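See below for the structure under consideration.
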Amino acid sequence: MTHSTSASTTSTYVPDLGKPTGATAVSPGGGPRRPALRRVRDWFAAFVFTVPALALFGMLVLLPMGYAFYVSFFNWGGFGSPTDSVGFDNYTRLFHDPVFLGDLWRGFLLIAFSLVLQLPFALAMAVLLNQRLRGRAVYRMLFFAPYILSEVITGVLFSMIFAPGDGLADKILGAVGLDGLGGLWFAGQNTVLPTLFLVMTWKYFGFHMMLYLAGLQGIPAELHEAARIDGAGSWQRFRHVTLPLLAPTLRISVFLSVIGAIQLFDLVWVISAGGPDHHSETMVISMFQYGFKRYQMGYASAISVAMFLISLVFALAYQRFVLRRDTEGAITTMRANR
Amino acid sequence: MRALGDTYTSFSRRRFLAASAATGLGAAALSACGSSDSGNSSGKTTIEWWNITTTDPAKKLWAQRAKDFEAAHPDVKVKIVTLENEAYKSKMTALTTSGKLPDVFHTWGGGVLKQQIDAGLVEDLTDKTASWTKDYVPASLAAYQFDKKTYAVPFDIGMVGFWYNKALFKKAKIDTPPTTWSGYLDAVKALKSAGITPIALAGKEKWPGMYYWAYLSMRVAGLEAMQKAATDADFTGAGFVTAGQHLKDLVALEPFQKGVLGAAYSEPNGQAATMGNGKAAMELMGQWAPSVEKSSGKGLGADLGFFSFPSVEGGKGALTEVFGGGGGHAVRKGAPDAAVEFLKFFAEKQFAETLVKETGLIPVSKDARPALTDPNLTAVSDALNNATGFQLYLDQAYAPAVGQEINDSVAALIAGSKSPEQVTRSVTQVAKSEKS
């Protein structure tokens with residue numbers, strides 16, 4: 001009895017086992033050992049299947065990360081092997097470096113701008129384009145197109161558009177008699193960040209809009225209908241039906257937006273290289289400058305470690321406190337399905 | 001002829017260790033130059049030649065030269081790798097870290113070359129090249145010489161000076177280019193009051209702004225002080241502060257084009273285009289300025305003139321001391337002998353003259369000097385020949401971190417966020433931390 005059950009279970013788990021293994025599985029006297037054996041075999045299979053991925057991940061992700069962490073304790077120019085150990089000096093230097101502290105502040109500003117302006121704008125466009133509208137597919141495509149464009153092309157394009165005096169932006173403003181509004185754009189210390197944010201919004205809002213559109217499609221029309229029958233106005237329907245049901249999408253979009261702002265590099269590098277006078281510098285640009293322009297690999301590594309920690313702490317905290325409901329749902333469903 | 005593979009028979013244990021360490025670190029970078037080992041089974045020696053000549057006609061001429069060399073040496077193959085400036089720099093950083101350089105590679109000399117020499121990666125060429133570099137302009141070799149040893153062969157030399165638009169100067173009623181700093185400031189004022197933008201500058205790229213500070217430091221503090229500052233890691237001397245003050249005086253006149261802080265050098269609307277389209281009266285730039293003005297803008301043709309950076313009243317430097325640099329070829333330590341042979345072949349008089357005639361290079365050898373016809377380049381060449389002192393580009397002469405800090409701090413000075421004293425202090429701080 002026991003015999004045949006265990007044999008059949010084995011065969012359901014490993015349907016096309018070779019003869020020798022099958023023989024071991026059905027061999028008499030092995031009753032108590034069998035589940036353990038199966039677990040070992042499962043583990044072994046899992047191990048064999050994940051080893052290539054693990055090896056690659058370890059070699060290309062974990063090892064360099066560990067090495068960067070190691071290097072961050074040295075004063076190292078990038079040549080030969082690091083020997084001049086300086087303890088936590090590179091980290092204490094971070095807290096006295098006006099450029100790095102400025103990076104943090106600018107990163108915070110960009111995130112704040114994104115959350116307060118860019119995402120609501122993307123949401124508004126998504127709600128608009130979710131309605132029956134002539135040519136909405138064209139609009140969707142148009143708004144999403146900038147996201148597909150490479151960062152470098154975007155950068156070159158906009159540095160020409162915003163060229164002070166000769167650029168398209170100034171010419172258009174001049175043509176409609178608003179010369180006063182034109183100005184230095186990327187060349188001004190106080191205008192570079194807002195202008196940059198404008199470009200970022202142009203480039204990325206389409207992506208978030210698409211996320212929201214996908215989320216909106218998932219909200220059953222019956223709910224809106226029911227709300228309408230109950231006498232809810234369009235704002236109330238948005239506030240009490242759309243928004244709560246879109247919340248998981250919103251949470252993910254905020255997450256992506258923040259991580260994206262922390263890792264911002266190529267667009268800024270092409271447009272302003274962090275200038276003028278560091279006024280648009282981001283953490284990654286500082287890291288690049290110190291690492292590959294000044295060859296202070298130790299300090300650059302310290303910046304990258306700081307960046308990693310900021311991202312990690314944010315990601316963990318966000319998962320723990322904000323995404324908890326979403327992920328918990330997923331996990332509980334998974335458990336129920338088992 | 002001696003077997004070219006000989007150099008590899010003395011494969012020491014240390015080199016083996018270095019090489020195996022390098023493979024671990026820079027496997028990706030190495031894959032690009034893995035074929036440079038000599039003594040391979042086919043009996044052909046391959047030399048890898050890395051350069052930054054990305055534009056014609058020079059690119060074509062160089063490739064042809066490599067072919068000619070192969071024709072003259074049937075057992076040698078020259079593999080050319082051409083990279084753009086910045087890409088080349090970062091690639092070379094990776095290669096230097098990995099401990100294996102290309103057989104023949106472009107170098108600007110100075111601090112970066114010194115780093116590579118200190119890492120034991122560069123061949124000493126003093127004896128191998130002495131016989132055929134005797135008549136070279138001394139200024140052209142200066143950047144590659146350390147402790148009386150020569151580590152590279154120059155093919156190009158140049159200097160920074162003011163390029164100016166004669167028509168615009170005339171319009172502002174300036175008859176002769178200024179030779180003193182106060183005269184220069186007067187010229188700027190005259191241009192401004194004539195409604196002309198006096199100076200084009202690429203504020204985004206920082207290094208063009210550094211030229212002003214460097215030249216002013218040379219003129220005020222003097223060449224010796226600049227060398228001493230580097231060895232002592234102390235730039236706080238009065239001369240450097242005064243130099244910064246002079247630059248601040250210039251900036252206070254608001255002499256630059258609109259949006260100077262965001263302007264690039266060679267992009268449309270950049271410094272060279274502004275100058276080349278006649279929208280600014282002058283720029284402080286190296287000998288390549290005329291060609292870049294032409295490629296990014298219209299070019300000025302006969303309206304373009306050249307004058308040396310003015311001397312500063314009461315300063316220690318002279319008008320004849322030049323700030324510049326060039327390009328040279330260095331050879332990897334342990335490269336096949338064919339590499340040096342190739343450099344000699346590359347430097348032959350007839351080819352040097354072709355380069356001068358067709359690519360506008362300023363000759364390093366006095367022999368090839370008569371081939372120069374362009375009046376502006378002749379003026380540059382004359383200034384170089386008559387130079388009483390030479391200062392290599394600061395971002396090449398000093399350690400990279402120091403050079404970058406000078407670029408950065410001077411950019412801040414021009415943007416108005418750092419005082420002359422703060423510039424010298426920041427540079428000193430970085431220089432000190434690099435020394436320790």
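Restricting attention to segment A:261-272, the residues that are more than 14 Å from every other protein chain (Cβ to nearest Cβ) and either at pLDDT below 90 or crowded, with 16+ Cβ neighbours inside 10 Å (or both) total 5. When segment A:107-119 is filtered for residues that are under 18 Å from the mean Cα position of the chain (by Cα) and surrounded by 13 or more Cβ atoms within 10 Å (Cβ to Cβ), the ones remaining, listed by number, are A:Gly107, A:Leu109, A:Leu110, A:Ile111, A:Phe113, A:Ser114, A:Leu115, A:Gln118, A:Leu119. When the residues of segment B:199-219 are filtered to those that are hydrophobic (A, V, I, L, M, F, W, C) and within 14 Å of another protein chain (Cβ to nearest Cβ), the one that is surrounded by the fewest Cβ atoms within 10 Å (Cβ to Cβ) is B:Trp207.
Listed here are the residues, each with its yes/no results for (1) over 24 Å from B:Gly111 (Cβ atoms); (2) part of a loop (DSSP other than H, G, I, E, B); (3) away from every other protein chain (no Cβ under 14 Å).
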site: A:His279; (1), (2), (3): yes, yes, no
site: A:Tyr295; (1), (2), (3): no, yes, no
site: A:Gly298; (1), (2), (3): no, no, no
site: A:Ala306; (1), (2), (3): yes, no, yes
site: A:Gln319; (1), (2), (3): yes, no, yes
site: A:Arg325; (1), (2), (3): yes, no, yes
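Under 30 Å from B:Gly222 (Cβ atoms), outside any strand (DSSP E or B) and not assigned by TED's automatic domain parsing to the domain that holds B:Trp108: does that describe B:Ala302? No; evaluated as a whole, the condition is false for this residue. When B:Leu261, B:Leu247, B:Leu253 are checked against the criterion of being among the hydrophobic types (A, V, I, L, M, F, W, C), surrounded by 23 or more Cβ atoms within 10 Å (Cβ to Cβ) and over 18 Å from B:Phe306 (Cβ atoms), a single residue qualifies: B:Leu261. B:Glu267 falls short on exactly one of the conditions (1) within 13 Å of another protein chain (Cβ to nearest Cβ); (2) touching a Lys or Arg at 6+ places or on another chain (Cβ under 6 Å), and that condition is (2).
If only residues of segment B:388-417 that are among the small types (Gly, Ala, Ser) and under 19 Å from B:Trp108 (Cα atoms) are counted, the one that is farthest from the other protein chains (Cβ to nearest Cβ) is B:Gly389. Beta carbons closer than 9 Å, at least 6 apart along the sequence or on distinct chains, pair a first residue in segment B:115-138 that is within 14 Å of chain A (Cβ to nearest Cβ) with a second that is surrounded by fewer than 19 Cβ atoms within 10 Å (Cβ to Cβ) and outside any loop (DSSP other than H, G, I, E, B) for B:Ile117/B:Phe146; B:Ile117/B:Lys149; B:Gly120/B:Ala18. The residue of segment B:83-104 that is farthest from B:Gly334 (Cα to Cα), among those that are more than 14 Å from every other protein chain (Cβ to nearest Cβ) and touching a Lys or Arg at 6+ places or on another chain (Cβ under 7 Å), is B:Leu83. Quick one: would you say B:Asp408 is in contact with a Lys or Arg (Cβ under 7 Å, 6 or more places away or on another chain) and either buried (at least 24 other Cβ atoms within 10 Å of the Cβ) or acidic (Asp, Glu) (or both)? Answer is yes for this residue. The set of residues in segment A:230-283 being of a type in the set (Lys, Arg) and within 15 Å of the chain's Cα centre (by Cα) consists of A:Arg251 alone.
Among the residues of segment B:382-406, those identified as more than 15 Å from the chain's Cα centre (by Cα) and within 23 Å of B:Gln287 (Cβ to Cβ) are B:Asp382, B:Ala383, B:Asn385, B:Asn386, B:Ala387, B:Thr388, B:Gly389, B:Ile406. Just to be sure before I move on: is B:Asn385 of a type in the set (S, T, N, Q) and modelled with pLDDT under 90 in the structure I sent? It is true that B:Asn385 is of a type in the set (S, T, N, Q) and modelled with pLDDT under 90. Does A:Asp230 count as farther than 24 Å from A:Ala137 by Cα, within 14 Å of another protein chain (Cβ to nearest Cβ) and not aromatic (Phe, Trp, Tyr)? So A:Asp230 does not fit the description; no. Residues that are over 30 Å from B:Gly43 (Cα atoms), in contact (Cβ under 8 Å) with a residue 24 or more places away in the chain and of a type in the set (Phe, Trp, Tyr) occur in segment B:380-394; there is at least one.
Say we look at segment A:52-83 and pick out the residues that are over 22 Å from A:Ser286 (Cα atoms) and over 26 Å from the mean Cα position of the chain (by Cα); which of these is farthest from the other protein chains (Cβ to nearest Cβ)? The extreme case among them is A:Thr83.
Scanning for something under 29 Å from B:Ile117 (Cα atoms), more than 14 Å from every other protein chain (Cβ to nearest Cβ) and of a type outside the set (Lys, Arg), does segment B:367-383 turn up at least one residue? No - not one qualifying residue is present in segment B:367-383.
For residues that are without any contact (Cβ under 8 Å) to a residue 40 or more places away in the chain and within 23 Å of the chain's Cα centre (by Cα), scanning just segment A:143-176, find the one that is nearest to the other protein chains (Cβ to nearest Cβ).
So, considering only residues that are without any contact (Cβ under 8 Å) to a residue 40 or more places away in the chain and within 23 Å of the chain's Cα centre (by Cα), the one nearest to the other protein chains (Cβ to nearest Cβ) is A:Ile153.
Within segment B:232-263, being of a type outside the set (A, V, I, L, M) and either within 14 Å of chain A (Cβ to nearest Cβ) or within 19 Å of A:Gly183 (Cβ to Cβ) (or both) holds for B:Glu254, B:Phe256, B:Gln257, B:Lys258, B:Gly259, B:Gly262.
The values are calculated or read from the model by the stated rules, or taken from the named source; none is laboratory data. Since this is a predicted model, take the numbers as computed values, not measurements. Cβ coordinates were reconstructed from backbone atoms using ideal geometry, including for glycine residues, and neighbour counts include every protein chain displayed.
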